[in-house]
Every structure is written in structure tokens, then in C-alpha cells.
1. Which of the residues belonging to segment 204-258 are charged (D, E, K, R) and touching a Leu at 6+ places or on another chain (Cβ under 6 Å)?
2. Listed residues ILE443, ILE456; which is surrounded by fewer than 16 Cβ atoms within 10 Å (Cβ to Cβ) and either among the charged types (D, E, K, R) or in contact with a Phe, Trp or Tyr (Cβ under 7 Å, 6 or more places away or on another chain) (or both)?
3. Out of the strands (runs of 3 or more DSSP E) lying entirely within segment 126-209, which hold 2 or more residues that are closer than 26 Å to ASN245 by Cα and among the hydrophobic types (A, V, I, L, M, F, W, C)?
4. Name the residue that is farthest from the chain's Cα centre (by Cα), counting only residues in segment 419-456 that are farther than 16 Å from THR114 by Cα and of a type in the set (A, V, I, L, M, F, W, C).
5. What's the number of the only condition in (1) in contact with a strand residue (DSSP E or B) (Cβ under 9 Å, 6 or more places away or on another chain); (2) surrounded by fewer than 23 Cβ atoms within 10 Å (Cβ to Cβ) that CYS384 fails to meet?
6. Might you let me know whether segment 213-220 holds any residue that is surrounded by 15 or more Cβ atoms within 10 Å (Cβ to Cβ) and touching a Pro at 6+ places or on another chain (Cβ under 9 Å)?
7. For residues in segment 202-223 being aliphatic (A, V, I, L, M) and over 14 Å from ARG276 (Cα atoms), which is nearest to the chain's Cα centre (by Cα)?
8. Can you name the residue in segment 221-250 that is surrounded by 14 or more Cβ atoms within 10 Å (Cβ to Cβ) and in contact with a Pro (Cβ under 8 Å, 6 or more places away or on another chain) and, of all such residues, is nearest to MET425 (Cα to Cα)?
Amino acid sequence: MFIFNFLTSRICLLILVCYFFLIGFPLSVFNVFADYNIPSNSNYLASNISTDISTDNGNYLTKSEFDSFLQQYKESHNSKSSIVGGGSIFRNGKIKITPYGYINLSASYETHRTTTGDYAVYANSPDIDNDAGYNVDPKSTRIGFKLDGGGINGWNGSKSEGAIEFDFQGAYQSRNRGGLLLRKAYFSISDGKTKLLAGQDWEIISPLYPKTLNYTAGACVGNVGYRRAMLRVDRQFDFYTSPDNLLIQFGITDNVFRDDSIVSAAASSYPIIQGRMAYSFGKGCFSHDKPIILGVSSHFGEQRFSFGIDKKNLKTWSFNVDLDLPITKKLGFQMEYFLGENLATIEGGILQGVDIARQKTIKAQGGWMAFTLQTTKKTQLNFCYMIDDPFNKDVVSGNSNSNRARNYSHCFFVNILHNWSDSLMTGFEIDFWRTHWQQYNPITKTISPMTAGTPIRYDFTIRYTF
């Protein structure tokens, strides 16, 4: 009886607290501020302007009066730097700067642990780690700035733009001290048909990505491609007799080493080359306002590895296909396929580019396919299957000093995303992982299978976008 009364009192208290924070407190705040004439899209510059901006009768300024005051303030200070567009856009000379980003918090539970935990790239074997995992992670919070400017002389219709973007998934000393990670830093000039880009942006190859709550968006389990520095040119060719068009992209990119390896690596004497062709056609064939986009892409290059005293130049290449197919106005299908060699540089081969025992590259193939269903204007369902399958004949010891290798990995996930407002989104996702492992004995030169990692991962995310 004591236990029953104890639980009953605690449940009632919990209901009361939830009512206060979810209903009572917001309504109270709303009622307080409803009495004031404060425009919802007005922005106050209390930190920058010390002038009293109230009217003679003591009421707050209307939006038109505030805009007039702001214009007078800018003119009186004769500053090249100003705030326009309701405070969300800044202007420095001819350059318009728009901040953007989101605050992101994810909470996940795994029936046994994955690498890395806060996000998953592959499942650990129970022979390595059979413990369950729980993670709360705010480090995917993102901050960026979009830049828009004028064109260049002699290039009619051109305009310049750029972006600088960070998150906090960089190297860190402890989990609550996220390290700054540079995502994008580029500028471009385009006229609607031709585009020149310099800086760090997403790869040219395999441009699509699954709509998952996982931070890495399927990397190392079927979705190849990351971000890197590049010099890139895009050219779109239109067909006069139809709305179809052909996009050709070419880039000279940085030679990035992403191999989770003890092997020493260095860039070769030339960069990695990337290219893509995408044909956009069939607009209105299925969905009334979206075309079908079919793309093929590739990369090739060379990387230098040191296996002890042995130094080898090993090639890296890939062939990729991407398809974006709008089936109806609410239902869409996307997929990507890849085939290549030494793919750790583009997050392929389950992050294994070379095999230490063989001192050679690892070939792999894989991809992903996904359906997206927009059930309402604010709710979306996603179903996706992803796979990364290194060639068994190429995998002996893998690329770590433990002589453990991953020879297969797949993941199926389903999630629901709901936008409570233009800014607030919540999502819930269930992932079903399977990663195969093997152990190599360098003395007997034999391979033994390990227990496959088969965790189920539950992920809840809340995101506030600005």
C-alpha cells in the first residue's frame, strides 16, 4: 500500500509539473506579452543603440516607426556596415551576410555499442564490446554564414556568393567540450548557367544523402562522399525544345586521407580529379513540378602509403550512379550506387582503403535506396536501406594494428520527422545495424570469423533552426 501511495503521489506531481511547463507557463507568458504592442518580426538593438526609442505618449514603436528610426540611425552614423531585413541579414558594403544554423540535441540508445556512439558509422563486434550504449550529444549544432554579392565586370548577369559553416564534431578533450569543425568555406561566381567555385564544399560525386538523424548520413555504410577543398566548374546546357537540361561538373580537389589506419600516408604529386554528368528530364511525368534527375560521377587519383620500409603509390577511383525520382507530389525515391578501390578517402569500404597484410588496396561496392513520404505539410516518414560491401578477397587484416577487419556492413532505418513550427523540429529514428568482422593471425596466416555486430539503435532529436 505504501508503494502504491508513493507511486501515485509521484505520478500526480509529474503530471502537475508537465502541465505547468507545457501549458500553464507558456500561456502565462503569452498573456503577459499579449498586452504589449510589440511586432513579432521587430528586432531591438539594445546592445548597439543606447538612444531612447519610445514615443512621446510612452507607447512602444510600431514597425514602420522603428524602421524609420533605424534608417535615420544608419544615415547619421554613415557606416558601411548595417543591419537590414529585420535584423537577420547584415550588409557590409556590397556584400549581404545572412547567418543561419540550428541548435541540435540528440539522445540515442544502442543495444550494444557502435563506432562512435554519438553517431554510428559501423557496429562493433560483441567480441570487442558487448555493452549497451546511451549518448546525449549537442555537438551537431551548426552555425553558418551565407554571403551574397554582386557580379564581376565583363560577365553579364553574374553574381557572387559564398558560405562559411561550422559544427562542433571536431577533436575534443571531453564529451562536453566539443571541438570546432570546419564544414564549408567557399565562394563562387555564376550566371545561372556557368558556375565557378573555390574553397571547401561537398564532393562532386554522389551528391544525394539519406534523410537520417545520424550525423554522418550513412557514411561508411553506403553513402560515399564528404567535403574537401576544390576548384570546380559547373556548366548547365538547356534544350530549346523541352525543359530538360544537362549538368556537367568538373573539379580539381584536395587529396584527403580518411583511412582509419596505422599506415603512414602522404599525397602524391597530383590532386584527385572528380567529375559528374546529370540529366534532368521528365518534369511533370510523375510529380507535377519536379523533374527526374539521373547522374553518373567518378573520381580518380593516387595516394602514397608507407608499409614499414616499403613505400607504394596506390590508386583510388570510383564509379557512381545517383537517381532522384519524384513518384508523386508526396512520395519520392532516391538511390546511389558506388564501385571503386581505396575508398576510405570518400568514406567507402567501411572506412578501409588499404589492407596491411596484402599491402594493397581494398575494392568495395555498395549504395543506398530510400523512400520519403510527406504525410502532411509538417510530418515526414523516411525508409532507407544502406550497404557497404568490401570484396572478400581484398580483406585479410584490414588496416589496424589489431588485425581485425570489417568485410560487410548494412543498416536499415525508419524515422518520423515533425515540424512543430518553422523553427522547431523533432524526430525519432530506429536503426537496425549489421557489421561482419574477421580476425587475422599473422603467424599462422589464417582468418577466423568474429561475431557480427547487430545492434538496434534508437535516436531522438530535437532541433531549433534559425
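The values are calculated or read from the model by the stated rules, or taken from the named source; none is laboratory data. Remember, predicted model here, so these are calculated numbers, not experimental data. Because the Cβ atoms are built from the backbone with ideal geometry, glycine has one as well, and the counts that use them run over all protein chains shown.
1. Within segment 204-258, the subset charged (D, E, K, R) is 211, 227-228, 232, 234-235, 238, 244, 254, 258.
Hit for segment 204-258 is ARG232, nothing else.
2. Numbers: ILE443 fails: either among the charged types (D, E, K, R) or in contact with a Phe, Trp or Tyr (Cβ under 7 Å, 6 or more places away or on another chain) (or both).
Just a single option satisfies the conditions, and that option is ILE456.
3. On the way: elements: 133-137, 142-149, 159-170, 179-190, 194-202.
Where strands (runs of 3 or more DSSP E) fall fully within segment 126-209 and carry at least 2 residues being closer than 26 Å to ASN245 by Cα and among the hydrophobic types (A, V, I, L, M, F, W, C), they are 179-190, 194-202.
4. Quick first cut of segment 419-456, residues farther than 16 Å from THR114 by Cα only: 419-428, 438-449.
Of the ones still in play, those that are also of a type in the set (A, V, I, L, M, F, W, C) are 420, 424-425, 428, 443, 447.
Numbers: TRP420: 21, LEU424: 18, MET425: 16, PHE428: 17, ILE443: 43, ILE447: 36 Å.
Top of the filtered list is ILE443.
5. (2) is the only condition that CYS384 fails.
6. Taking segment 213-220 first, the residues surrounded by 15 or more Cβ atoms within 10 Å (Cβ to Cβ) are 213-220.
Now narrow it down to the ones that are touching a Pro at 6+ places or on another chain (Cβ under 9 Å): 217-218.
Among the residues of segment 213-220, at least one is surrounded by 15 or more Cβ atoms within 10 Å (Cβ to Cβ) and touching a Pro at 6+ places or on another chain (Cβ under 9 Å), which makes the answer yes.
7. Filtering first and then ranking leaves ALA217.
8. Out of the qualifying residues, it is ASN223.
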